[in-house]
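Chemist: Before we start, here is the structure in question, set down as structure tokens.
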Amino acid sequence: MGFLDSLLGRTKGIAPKVDSLFSMATAYITLSTEFSLSSTGKAGICFKPVESGDFDQVENEIVELLKISETTFEIKQDEFGYAWVIVADVQFENVVSDIHAVSSTLIDGGYGEQVLCAVFPFRNQKSVFWIYSYKRGKFYPFVPVEPKQHKRDYAYEFRLRSVLQRELPIEQELERWYPLWDVPF
């Protein structure tokens, strides 16, 4: 950012970080062995759509890319106007690769600032969501226990963090562990 941009109050957004996503492909083994958590076989990426022909072209590229990968997918919009690309596959590594491909397509198309997060759901007797913040390049756990009352299991989240910090880049600033109460899958 140049001096004139700074003077006029123009700022550049933070470039999204995507490479750390692949660490989830191996961390799920630890989640299974240490916590008896199973992948739901799904994951989603959340982004803010833009009304433009260029963005429509990027969305079409995403659809074509997912058709080629033979992954089951759907695109939904949530109540806040964010779009979700939800992918499903029996092979967890394919789910991670597809989320990486979707995010890379958005970033390469010039819409990296629109990408919010990726979500990887796991289950045992609890629902556990590993959320990846593209702006920070970090993961954090989210364990809702009473979604209607917006209550979460902080103790279990901290336990997950302590075990997985060897394998995942974990967000250390707890105030950035934003809950996602109404994930559309």
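Chemist: Can you give the net charge of the other residues whose Cβ lies under 11 Å from the Cβ of residue 127, counting K and R as +1 and D and E as -1?
Modeler: Once positives and negatives cancel, what remains is +2.
Chemist: Related question: Can you run phi through the Karplus equation (6.51, -1.76, 1.60; θ = phi - 60°) for the range 29-46 and list ³J(HN,Hα) in whole Hz, with x for Gly and Pro?
Modeler: 5, 5, 4, 6, 6, 7, 10, 6, 8, 10, 5, 7, x, 10, 7, x, 10, 10
Chemist: P(r) for the range 125-185: what percent of alpha-carbon pairs falls in each 10 Å bin, starting at zero?
Modeler: For the range 125-185, the binned pair fractions read 22, 57, 21, 0 percent.
Chemist: Tell me the per residue accessible area of the chain using a 1.4 Å probe; a whole number in Å² is fine.
Modeler: Dividing the accessible area of the chain by its residue count gives 54 Å².
Chemist: Distance between the C-alpha centers of the range 17-64 and the range 123-185? Whole Å please.
Modeler: First find each Cα centre; the distance between them is then 15 Å.
Chemist: Only Cα pairs under 8 Å and at least 6 apart count here; give the relative contact order of the range 58-185 as a rounded whole percent.
Modeler: Contact order relative to length: 15 percent.
Chemist: Right, another one. Quick one: Cα convex hull volume of the chain, Å³ per residue?
Modeler: 137 Å³
Chemist: Continuing with the same structure: What is the distance, in nm, between label points placed 7 Å from the Cα along the Cα-to-Cβ direction at residue 155 and at residue 123?
Modeler: Label at residue 155, label at residue 123, 2.4 nm between them.
The values are calculated or read from the model by the stated rules, or taken from the named source; none is laboratory data. Since this is a predicted model, take the numbers as computed values, not measurements. Ideal geometry is used to build each Cβ from the backbone, glycine not excepted, and the neighbour counts take in all protein chains shown. Surface areas here come from the heavy atoms of the whole protein model, side chains and all, with no ligands, DNA or RNA. Shrake-Rupley method; radii C 1.70, N 1.55, O 1.52, S 1.80 Å.
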